1. With a 1.4 Å probe and all protein chains kept in place, how much accessible area does PHE257 have, in Å² rounded to the nearest 10?
2. If you plug each phi of segment 313-321 into the Karplus form 6.51 cos²θ - 1.76 cosθ + 1.60 with θ = phi - 60°, what whole-Hz ³J(HN,Hα) values come out, in order, with x for Gly and Pro?
3. What FRET efficiency comes out for the pair ILE395/ARG236, r = Cβ-Cβ distance, R0 = 56 Å, nearest 0.05?
4. Want the number for GLU324 to GLN414: 0.36 nm per residue separation, take away the alpha-carbon distance, what's left?
5. Ordering ILE315, ILE489 by how much accessible area each has at a 1.4 Å probe, largest first, what is the list?
6. In segment 540-573, which chymotrypsin sites (Phe, Trp or Tyr not before Pro) are in a loop and have at most 15 other Cβ atoms within 10 Å, using DSSP for the loop call?
7. I'd like the accessible area for TRP304: 1.4 Å probe, protein heavy atoms, all chains in place, Å² to the nearest 10.
8. Given a 1.4 angstrom probe, I'd like the percentage of the accessible area of segment 308-369 that is carbon and sulfur, rounded to a whole number.
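The values are calculated or read from the model by the stated rules, or taken from the named source; none is laboratory data. Since we're looking at a predicted model, the values are computed, not measured. Here the Cβ positions follow ideal geometry from the backbone for every residue, glycine too, while neighbour counts run over all protein chains shown. Keep in mind that these areas ignore ligands, DNA and RNA; they rest on the heavy atoms of the full protein, side chains included. Shrake-Rupley method; radii C 1.70, N 1.55, O 1.52, S 1.80 Å.
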Amino acid sequence: MTGTSGFSFFGGSPATEPEPDEEGTPAAADAADPSETVSLRLPRQPQDGRSAAPAVERERPRTEARPEPGGSLFQRRPAPVAGERERPAPRPGEQRPGPRPDGRPAPGAAQRSGSPFLEQPAPRGEQRPGPRPDQRPGPRPAQRSGSPFLEQPAPRGEQRPGPRPDQRERVRVAERAADPSETMQLRLPTPPAPSAADRASDPSETMQLRVPVLFAPDPVEEEVEAAPAPKKKGGRDRYFDLLRALALGRVILYHKFGWSWLPLVFPSMGVMFALAGSLMVVSLRRPALTVIRDRLRRLLPPMWLFGALLLTLMILDGWGPNSEGHPNWWWGKLAFWVLPLSTPPYGAELSGFHGLLEPSWAENIAVPLWYLRAYLWFVLLSPLMLRALRWNPWITIFTPLAASAVINSGLFSQEGRIWETTTDFTTFAACWILGMAHREGVLRRLPQYLAPSIAPMIMMAGLWWLLSRPITDPTTVGDIETVPFAQAIWSFGYVLLLLHLSPSWEQWPPRLERWNGVVSLLNARAVSVYLWHIPAMAITVPLMDRLWDVGFLFDHAQFVLRSQWAPLLIALPLLALLVLCFGWMEDLAARRPLRLFPYPRRPRGKRRAG
């Protein structure tokens, strides 16, 4: 059993060298050491005039009988070597270090640790056991630790075992490469304090200290301010939802009352096409064919349901292949109810179910179909328009306005399905492309003062064109929807101003939050509301006629029956009933969960905004 003397850095308990692993090195003990280390290079100071180097007992070839306390007189112990001070006999109650008979270490023996500590000196007058002379090692290599120590000078007259000077640097490099432990390095500046330039190139040595985990200071956790959560993208723009709801309301009021000033106050068709164009750019981040297929899937099923019911009613009212005198063309035109590349056919003059409805009821109901036809063409041509917009934005934006001016100049007759489709396309294509430009950031690159300055001028140009046209129908004087080019210019300027002011609301402003339910409902059933509001108004006409037969209303509430608001008050509940019955088709087409009444639910605990 070999032992060394030294001084423990933390406390006064003795420590021993790490035991060797399977290869005969202390690497296994170091690898299992859970402590974080700080290596400190400190010179060893001799104590009591003796060297700090480990004392090694020499072989005692002679033995003599010497009584041990509590032992037998005939027990033999090695005699001291000549020239070596004899060890005194132990005092009563004193226990010398050494192995017990059962093989366990004696109390006070050095405990094995996972890190090499500096050794403690033996008590005065005590000689630690060591190897016999025939087992003395040669020059002992530098002790392996988690970091290279600076070699300490040996006391005067004593040569310390270790590697030769030419081998020390190689030993340090090898130990650094194989050491898995982490070290903390403390840089000790030498006076005078170096400057910033000298500090960067300071070659000063460092002290490294191996610190057990038990004594290591607790790590200081830096308080890091939590970064704000990223905003979710892809949500609904409440500003766009509000504009779409206003557009639907304006369409219903216009079709009911026919006020010519309503399209000037809010050009709903241009606004709806601009919103659709802006959202189309977001969809076109996917493959174009996939986007077109998805758009058609969401648009056509509600129209097919509407067309199936309308065709059935028209056929029951006497409309058929012989109504127009061209049976073959009648069957061919029915294909436009499947894919409305042109206006689907309908019966212009019918019997009205023997006078129950007006003869033109089918023509009035089919009026909204032009919007679906124009929307379909915009969807099909959106990939090309987006590519042209990215190539040259302003030429692409103003080209439809120029085409509309040419078509409406009077040089063309504008009769037939082709001209009808072309006129509608050129009237609102500028608004669609303007919505795409808004989403692409083209409008944001303009100076802030430019759009508010030129938008009113463009609108005034459209109003001038409207008022300068000759009057052909006295019932439509001042109605901008009867003059396509004036409607195109006015809608373009109005949409430009709305998109410039676009606040992009992700959440409702407090004053508008109370309208969230109605606006969300109208947006969830936009196609159904647009298709079924005319049939609801058509049903209102015979109902109002029957109310005149009610004696109480005739005697006491004739002002209600004569009011122009009475048909609207009847049409709105009918529209809600029709949307409730057929609006689920929009959920089915969009692959959403079917809901009869998609009114948003208010979260629990949240009060209505005041």
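1. 40
2. 5, 5, 5, 5, 8, x, 8, x, x
3. E(calc), rounded to 0.05, equals 0.95.
4. So the chain would gain 30.3 nm between GLU324 and GLN414.
5. Accessible-area ranking of ILE315, ILE489, largest first: ILE315, ILE489.
6. Working: sites: TRP548, PHE552, PHE554, PHE559, TRP565; in loops: TRP548.
Here the sparse-neighbourhood loop sites are TRP548.
7. 120
8. Values: 2200 of 3330 Å².
Taking all protein chains in place, segment 308-369 shows 66 percent carbon and sulfur surface.
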